[in-house]
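Chemist: Quick one: the structure is below, questions incoming.
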Amino acid sequence: MSGQAGSQSASLAAPMTDGDRALVAWLQMDAELRPARPGWAYGSLAGLLLGAGRLFTAAPWPGGGLPPGEPGRCFIESIMWANNGSGGELAYVEGWAWDVAYPVEHAWCSTSDGTVRDLTWPRPGASYLGVPVVPDAASALMGHHGGPLLHRNGMPGPVALEWMRDGVPAELLADVGRLVPAV
């Protein structure tokens, strides 16, 4: 898995699901309400996700069992799994997942083909859209800033604000997931 977002895998051709369309439309509505400030790359977290984020393919936990993570601890469970349990084969992803009826701030891991490994939800969400980050970089940023990359008490955190202003550094992005098309 490359640290660059340049080359794209075959998973980009996967069609959008109804959940994907609903999540992208929800984020687009939010992004349209908050245009970027002069000199900023994005005006909102929604704009950042639409511009730098990727869509991921929902899947049940491998083997049909329950995921090993503790519900409610998606950020810490996902970064620990990506760093320690993946052998370099998983990306850490933070963004939004469409649960039963609405989007939820969430974190998960992604395989190299863009398949979700959701450590904390017993059944997969309808859609996942997030920024895939190389695990070592995500871990360092989370340690330095004391929490998740994007979300901080329902607001953009310090890393998200920096990325909204300057864009996401290409070397931090993992090359997984599908580009977000316009709906």
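The values are calculated or read from the model by the stated rules, or taken from the named source; none is laboratory data. Computed from a predicted structure; not experimentally measured. Virtual Cβ from ideal backbone geometry, glycine too; neighbours counted across all protein chains shown.
Chemist: Going through Asp136, Asp166 one at a time, which residue ends up being without any contact (Cβ under 8 Å) to a residue 60 or more places away in the chain, surrounded by fewer than 16 Cβ atoms within 10 Å (Cβ to Cβ) and of a type in the set (Asp, Glu)?
Modeler: Asp136
Chemist: Hey, does region 28-40 have a residue that's crowded, with 22+ Cβ neighbours inside 10 Å, closer than 26 Å to Ala137 by Cα and either charged (D, E, K, R) or at pLDDT 95 or above (or both)?
Modeler: No; the residues of region 28-40 include none that is crowded, with 22+ Cβ neighbours inside 10 Å, closer than 26 Å to Ala137 by Cα and either charged (D, E, K, R) or at pLDDT 95 or above (or both).
Chemist: Quick check on my filter: what residues within region 87-103 are modelled with pLDDT of 95 or more and either surrounded by fewer than 18 Cβ atoms within 10 Å (Cβ to Cβ) or over 8 Å from the mean Cα position of the chain (by Cα) (or both)?
Modeler: Once the filter is applied, which keeps residues that are modelled with pLDDT of 95 or more and either surrounded by fewer than 18 Cβ atoms within 10 Å (Cβ to Cβ) or over 8 Å from the mean Cα position of the chain (by Cα) (or both), region 87-103 yields Ala91, Ala97.
Chemist: Among the residues of region 126-137, is any among the β-branched types (Val, Ile, Thr) and over 21 Å from Pro60 (Cα atoms)? Can you show your working first?
Modeler: Restricting attention to region 126-137, the residues satisfying the condition of being among the β-branched types (Val, Ile, Thr) are 131, 133-134.
Subsequent filtering for residues that are over 21 Å from Pro60 (Cα atoms) retains 133-134.
Scanning region 126-137 turns up at least one residue that is among the β-branched types (Val, Ile, Thr) and over 21 Å from Pro60 (Cα atoms).
Chemist: Considering Val183, Val131, which residue is at pLDDT 95 or above and either more than 13 Å from Tyr92 (Cα to Cα) or not in a loop (DSSP other than H, G, I, E, B) (or both)?
Modeler: Going through Val183, Val131 in turn, just one is at pLDDT 95 or above and either more than 13 Å from Tyr92 (Cα to Cα) or not in a loop (DSSP other than H, G, I, E, B) (or both): Val131.
Chemist: Where residues in region 135-163 are part of a loop (DSSP other than H, G, I, E, B) and either of a type outside the set (A, V, I, L, M, F, W, C) or in contact with a Ser or Thr (Cβ under 7 Å, 6 or more places away or on another chain) (or both), which of them is farthest from Tyr42 (Cα to Cα)?
Modeler: To start, the set of residues in region 135-163 that are part of a loop (DSSP other than H, G, I, E, B) comprises 146-150, 153-154, 157.
Filter again for either of a type outside the set (A, V, I, L, M, F, W, C) or in contact with a Ser or Thr (Cβ under 7 Å, 6 or more places away or on another chain) (or both), leaving 146-148, 153-154, 157.
Details: Gly146: 23, Gly147: 21, Pro148: 19, Asn153: 20, Gly154: 18, Gly157: 14 Å.
Checking each candidate, the answer is Gly146.
Chemist: Something else now. Answer yes or no as to whether Leu172 is free of Cβ contacts under 8 Å to residues at least 24 places away in the same chain and surrounded by fewer than 23 Cβ atoms within 10 Å (Cβ to Cβ).
Modeler: No.
Chemist: Could you grab the pairs with beta carbons closer than 7 Å, sequence gap of 6+ or different chains, first residue in region 147-158 and touching a residue at least 12 places away in the same chain (Cβ under 8 Å), second one assigned to a loop (DSSP other than H, G, I, E, B) and surrounded by fewer than 19 Cβ atoms within 10 Å (Cβ to Cβ)?
Modeler: Gly157/Gly147
Chemist: Out of the residues in region 51-66 that are within 20 Å of Ala174 (Cβ to Cβ) and either touching a Ser or Thr at 6+ places or on another chain (Cβ under 9 Å) or at pLDDT below 95 (or both), state the one that is surrounded by the most Cβ atoms within 10 Å (Cβ to Cβ).
Modeler: Initial filter on region 51-66 (within 20 Å of Ala174 (Cβ to Cβ)): 51-59, 62.
If we keep only those that are either touching a Ser or Thr at 6+ places or on another chain (Cβ under 9 Å) or at pLDDT below 95 (or both) as well, we get 54-59, 62.
Values: Arg54: 27, Leu55: 25, Phe56: 33, Thr57: 19, Ala58: 21, Ala59: 14, Pro62: 10.
That would be Phe56.
Chemist: Of all the residues that make up region 58-80, how many are of a type outside the set (A, V, I, L, M) and under 20 Å from His145 (Cβ atoms)?
Modeler: Taking region 58-80 and keeping what is of a type outside the set (A, V, I, L, M), we get 60-65, 67-75, 77-78.
If we keep only those that are under 20 Å from His145 (Cβ atoms) as well, we get 73-75, 77-78.
Residues meeting the conditions: 5.
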